[in-house]
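Undergrad: Structure incoming, see below.
The values are calculated or read from the model by the stated rules, or taken from the named source; none is laboratory data. These figures come from a predicted structure and were not determined experimentally. Here the Cβ positions follow ideal geometry from the backbone for every residue, glycine too, while neighbour counts run over all protein chains shown. In case anyone asks, the SASA skips ligands and DNA or RNA and just uses the protein heavy atoms, side chains included. Shrake-Rupley method; radii C 1.70, N 1.55, O 1.52, S 1.80 Å.
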Amino acid sequence: MTAARSARKGTLVAVVSTLFVATLLAIAIGSSPSWPLVQKAFFDGTYFSTSLPDVVGAFFINIQLFVLAEILILPIGLLIALARSITNPAFAPLRIFATIYTDFFRGVPSILLIYVLGFGVPALRLPGVPKEPFFWALVTLVLIYSAYVSEVYRAGIESIHPSQERAARALGLTRFQALRFVVLPQALRRVVPPLLNDFIGLQKDTALVSILGVVEAFKQAQILKSANFNFTPLMTTALIFLVITIPMTRLVDRLAAKDRAAQQGGAR
Amino acid sequence: MARVKAKRIAAAPVLELRGVSKRYGRALVLDKIDLTLAEHEVVCLIGASGSGKSTLLRCADLLEPIDAGSIALDGRAVSADDRDADETRRQLGIVFQGFSLFPHLTALENVALAPRVALGLTPTAAEKRARALLKQLGLAAKANAYPDSLSGGQQQRVAIARALATEPKVLLLDEITSALDPVLVADVLEALRALAKGGATMLIATHEMAFAADVADRICYLEGGRIIEQGSPEKIFGAPRDARTRAFLKRVRSVGASALR
Amino acid sequence: MSTTRSRIAIGQTTRMAVVVMAMAMFLAACGGSAASPSASLDASCAKDKLALKTAGKLTLSTDNPAYSPWFQGGNEGATVWTGDYNNDPAKGQGYEGAVAYAVAEKLGFATADVVWIHTTFDASFAPGAKDFDLFLNQVSIKAERAEAIDFSSGYYDVAQGVVTIEGSPIAGATSIAELKTAKLGAQIGTTSLDAINNVIKPDTEAAVFNTNDEAVAALNGGIIDGIVTDVPTAFYMRDAQLTGGIIVGQLPSEGGVQEQFGIVLEKDSALTACVSAVVDALKADGTLAALLTEWIADKASAPVLK
């Protein structure tokens with residue numbers, strides 16, 4: 001009973017203090033002499049509602065790019081991580097290739113890579129080589145993010161104590177079966193939060209396709225901004241990105257907490 | 001050599017180690033070990049830490065390649081480098097000191113994994129076998145519990161059930177009670193006694209001398225990677241011939257087994 | 001015969017422009033440094049009455065890089081506008097460079113009292129106080145934009161042109177209808193994009209690039225079939241940036257309304273009325289027309305697409 005009451009009291013204190021700080025902030029910002037100017041330039045209601053349909057329409061390009069990239073990155077990143085984890089000397093070339101791959105694509109700025117691939121490769125005018133900006137944006141994101149994701153996987157695999165694989169092998173599971181049924185399921189569970197961080201980054205980086213001339217959400221916002229000399233469409237775009245990413249982070253927090261509870265909570 | 005307790009021990013050896021040597025770098029951990037294990041026989045390995053008991057078990061389970069000698073299972077020469085070493089390992093069950101249960105699987109799933117994946121049983125058949133084993137080890141009520149929610153003794157019994165799930169010819173046990181709270185040890189030893197009575201063939205490395213005396217058909221005393229002396233529990237504990245065996249047992253009696261870990 | 005005559009004609013025009021300029025300078029010199037600007041200007045626009053960012057100096061601004069034909073003369077000795085194809089606006093050359101100095105002069109500033117600073121396109125209309133008095137950067141006058149900044153009267157009548165390269169599907173196009181199936185590109189923040197969407201109305205969505213350089217790269221890579229930009233820039237692309245560049249033609253103005261570039265000033269700037277008066281005066285006395293002839297390629301050679 002006392003516990004419940006003190007929890008309610010805690011919530012009340014949190015609500016009151018948050019409201020207090022928020023009100024102070026609002027007064028401080030609102031009373032600033034340049035606030036009306038900033039509000040008109042960045043938070044104009046009319047520009048918000050007129051830009052929303054355009055920006056949302058363009059955002060579908062970001063979503064397509066994000067979803068396609070993610071579908072490709074998840075398995076490719078895992079394959080690279082596995083290639084780097086192979087200890088068999090016969091597979092040394094594969095391991096070396098995977099190492100160079102991750103070093104290179106984690107080290108190169110994505111904006112540079114998309115520029116070189118998107119503008120440079122089509123200029124070679126090789127027969128059969130696509131020149132669509134969307135394609136090259138996808139290639140860039142997959143190359144870069146599968147390098148990041150492979151490192152996340154690898155950290156996850158290496159965080160599983162070797163005794164787990166030994167126990168699986170002792171039961172007569174092959175190396176692959178031990179990986180598949182014992183090491184990976186535990187590793188993947190651990191990498192969900194860092195993986196999701198990378199995917200939030202990926203989602204934001206879909207705006208890079210705009211460099212190649214594709215009118216996605218960010219570019220559409222820039223067009224509207226330049227047409228009217230008002231920055232509100234950029235805020236509209238930011239809001240759309242946040243509407244997608246914030247629930248995603250909360251969901252993962254929930255999943256992780258649930259997972260911990262299931263493993264510690266015991267029998268049912 | 002082997003003393004027949006209340007059961008019949010077949011003449012043909014199930015597991016046979018001949019002149020097995022193992023090095024870690026320059027250290028010779030096993031030095032020409034000869035050891036045979038007949039069907040239904042229970043052999044206990046005793047000796048101080050570092051005497052080579054754990055290494056012997058891991059080599060016997062083909063988890064570590066050996067540097068010299070040979071290992072035969074049911075008369076067939078086997079090696080960790082064999083292409084079918086995985087298959088051989090299914091015929092040998094091993095339980096480690098640290099339980100190494102799979103934390104992402106329930107007790108039932110831990111036990112059913114190898115039958116399903118390594119032996120290729122249907123999920124239903126594997127689960128049926130796992131339930132029977134958990135029941136046999138007194139864990140029927142804990143089938144759906146995750147390892148984290150089980151006591152050490154319960155976890156170790158799940159590990160034993162898991163090792164038995166591939167119906168191994170030999171069960172190898174590596175100091176499985178030494179990480180346990182003393183009050184939980186009894187549970188596990190009781191489970192092993194029941195297995196011994198049921199006719200399981202076991203090679204047990206242990207510090208529990210009373211348990212060894214009770215359950216073993218034969219005791220091997222190891223020191224410096226060699227079998228110094230072996231014989232019936234009565235002989236080893238009652239009238240050890242070798243001075244080193246006597247010295248070890250004297251130390252055990254004076255300081256207690258736990259100090260030797 | 002006729003070619004010779006036309007060459008003479010051009011020579012005469014140039015010579016005339018030089019004479020006009022010389023006369024203007026002579027008159028200004030006669031007026032003395034105290035400067036009594038042209039009679040048409042209100043007394044409130046006298047140099048010492050102007051609300052300037054820096055007293056006694058006229059602070060002008062444009063983006064970086066500054067491209068021909070808007071700015072010319074190279075960038076020798078420049079510290080901000082550096083690199084290939086870039087021009088130092090302080091040279092006073094190129095159409096916008098020359099207009100800037102003509103405005104400064106008419107307001108009573110000597111060349112030495114003109115200061116150039118760099119402002120990005122976005123910063124020119126971001127809220128808050130500006131560092132510049134006047135910003136010239138090919139900014140088209142639009143009512144919506146005037147909510148954020150002030151515009152002077154227009155100093156240039158804009159026409160949008162289409163440029164492409166040899167081998168492109170629109171290389172031989174002579175009508176707007178032939179451009180409908182093309183993938184066209186434009187620079188962001190320009191009214192060229194409006195021209196694509198409202199005048200050409202192509203089947204595929206226009207590509208929009210951050211800079212004209214990227215649009216050129218995309219045209220070279222075959223990612224787009226053509227670029228829509230203002231006609232002088234289209235000529236500059238053809239002559240300086242593209243190999244095998246072709247001017248397809250010039251687009252008719254949208255809805256019959258003439259698009260104009262204006263000088264950008266801070267919102268509600270006290271200078272706006274004076275600067276507009278100066279621009280109007282420069283237009284009335286023929287100065288703008290002369291500068292146009294001097295710096296910008298002959299528009300007549302770009303056929304208007306129907």
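Undergrad: Sort out which residues of segment C:139-161 are among the hydrophobic types (A, V, I, L, M, F, W, C) and in a loop (DSSP other than H, G, I, E, B), and write them in order of number.
TA: Hits for segment C:139-161 are C:VAL139, C:ILE141, C:ALA143, C:ALA148, C:ILE149, C:ALA159.
Undergrad: Scanning for something within 17 Å of the chain's Cα centre (by Cα), within 10 Å of another protein chain (Cβ to nearest Cβ) and open to solvent by less than 10 Å² (accessible area, probe 1.4 Å), does segment C:141-160 turn up at least one residue?
TA: No, the conditions are met nowhere in segment C:141-160.
Undergrad: Here are the criteria: (1) surrounded by 17 or more Cβ atoms within 10 Å (Cβ to Cβ); (2) at pLDDT 90 or above; (3) not polar (S, T, N, Q). Tell me which single one A:PRO185 does not satisfy.
TA: The single condition A:PRO185 does not satisfy is (1).
Undergrad: Continuing with the same structure: Cβ-Cβ under 9 Å, sequence separation 6+ or interchain: first residue in segment A:126-137 and at pLDDT below 85, partner open to solvent by 80 Å² or more (accessible area, probe 1.4 Å). Which pairs?
TA: The qualifying pairs are A:LYS131/A:ARG125.
Undergrad: Right, something else. When residues of segment C:212-246 are filtered for being open to solvent by 20 Å² or more (accessible area, probe 1.4 Å) and under 16 Å from the mean Cα position of the chain (by Cα), how many remain?
TA: Result for segment C:212-246: 2.
Undergrad: Taking the stated definitions as given, is C:GLY262 small (Gly, Ala, Ser) and farther than 23 Å from C:PHE135 by Cβ?
TA: no
Undergrad: A further question on this structure: Would you point out which residue out of A:GLY156, A:GLY118 is open to solvent by less than 30 Å² (accessible area, probe 1.4 Å), out of contact with any Gly (no Cβ under 7 Å at 6 or more places or on another chain) and within 10 Å of another protein chain (Cβ to nearest Cβ)?
TA: Only one candidate qualifies: A:GLY118.
Undergrad: Of all residues in segment B:209-226 being within 16 Å of B:LEU172 (Cα to Cα) and not hydrophobic (A, V, I, L, M, F, W, C), which is surrounded by the fewest Cβ atoms within 10 Å (Cβ to Cβ)?
TA: Per the criteria, the residue is B:ASP217.
Undergrad: Of all residues in segment A:159-176, which are more than 7 Å from chain B (Cβ to nearest Cβ), among the small types (Gly, Ala, Ser) and closer than 10 Å to B:SER100 by Cβ?
TA: A:ALA168
Undergrad: Of everything in segment B:100-114, what is within 9 Å of chain A (Cβ to nearest Cβ), at negative phi and touching a Lys or Arg at 6+ places or on another chain (Cβ under 9 Å)? Give them in sequence order.
TA: Scanning segment B:100-114 gives B:LEU101, B:PHE102, B:HIS104, B:THR106, B:ALA107, B:LEU113, B:ALA114.
Undergrad: While we're looking at this one, here's another question. Can you tell me which condition A:THR23 does not meet? The list is (1) within 34 Å of the chain's Cα centre (by Cα); (2) among the polar types (S, T, N, Q); (3) over 25 Å from A:LEU242 (Cα atoms), and all the others hold.
TA: Just one mismatch for A:THR23, condition (3).
Undergrad: So if I check each of C:ILE196, C:ILE188, which one is within 21 Å of the chain's Cα centre (by Cα), within 9 Å of chain A (Cβ to nearest Cβ), free of Cβ contacts under 8 Å to residues at least 40 places away in the same chain and crowded, with 17+ Cβ neighbours inside 10 Å?
TA: Going through C:ILE196, C:ILE188 in turn, just one is within 21 Å of the chain's Cα centre (by Cα), within 9 Å of chain A (Cβ to nearest Cβ), free of Cβ contacts under 8 Å to residues at least 40 places away in the same chain and crowded, with 17+ Cβ neighbours inside 10 Å: C:ILE188.
Undergrad: Please go through segment C:124-138 and pick out each residue that is assigned to a strand (DSSP E or B) and within 14 Å of chain A (Cβ to nearest Cβ).
TA: Passing the criteria: only C:PHE135.
Undergrad: Only residues that are touching a residue at least 40 places away in the same chain (Cβ under 8 Å) and either within 13 Å of another protein chain (Cβ to nearest Cβ) or assigned to a loop (DSSP other than H, G, I, E, B) (or both): list them for segment B:168-189, please.
TA: Within segment B:168-189, B:PRO168, B:LYS169, B:VAL170, B:LEU171, B:LEU172, B:LEU173, B:ASP174, B:GLU175, B:ILE176, B:SER178, B:ALA179 meet the criteria.
Undergrad: Given C:PRO65, C:PRO69, which one is in a loop (DSSP other than H, G, I, E, B) and open to solvent by 50 Å² or more (accessible area, probe 1.4 Å)?
TA: Among C:PRO65, C:PRO69, only C:PRO65 is in a loop (DSSP other than H, G, I, E, B) and open to solvent by 50 Å² or more (accessible area, probe 1.4 Å).
Matching residues to (1) open to solvent by 40 Å² or more (accessible area, probe 1.4 Å); (2) within 21 Å of B:ALA77 (Cα to Cα); (3) in contact (Cβ under 8 Å) with a residue 24 or more places away in the chain; (4) assigned to a strand (DSSP E or B):
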residue	(1), (2), (3), (4)
B:VAL14	no, yes, yes, yes
B:ARG23	yes, yes, yes, yes
B:VAL29	no, no, yes, yes
B:ILE33	no, yes, yes, yes
B:GLY50	yes, no, no, no
B:THR55	no, yes, yes, no
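Undergrad: So for segment B:108-121 (the condition being open to solvent by 50 Å² or more (accessible area, probe 1.4 Å) and assigned to a helix (DSSP H, G or I)), does at least one residue qualify?
TA: Yes, because at least one residue in segment B:108-121 is open to solvent by 50 Å² or more (accessible area, probe 1.4 Å) and assigned to a helix (DSSP H, G or I).
Undergrad: Additional query: If I ask for residues that are more than 13 Å from chain A (Cβ to nearest Cβ) and outside any loop (DSSP other than H, G, I, E, B), which ones from segment B:69-99 would you list?
TA: B:GLY69, B:SER70, B:ILE71, B:ALA72, B:ARG76, B:ALA77
Undergrad: Here's another thing I want to ask about it. Being in contact with an Asp or Glu (Cβ under 6 Å, 6 or more places away or on another chain) and either in a loop (DSSP other than H, G, I, E, B) or open to solvent by 10 Å² or more (accessible area, probe 1.4 Å) (or both) is true for just one of B:GLU229, B:GLU234. Which residue is that?
TA: Sole residue among the options that is in contact with an Asp or Glu (Cβ under 6 Å, 6 or more places away or on another chain) and either in a loop (DSSP other than H, G, I, E, B) or open to solvent by 10 Å² or more (accessible area, probe 1.4 Å) (or both): B:GLU229.
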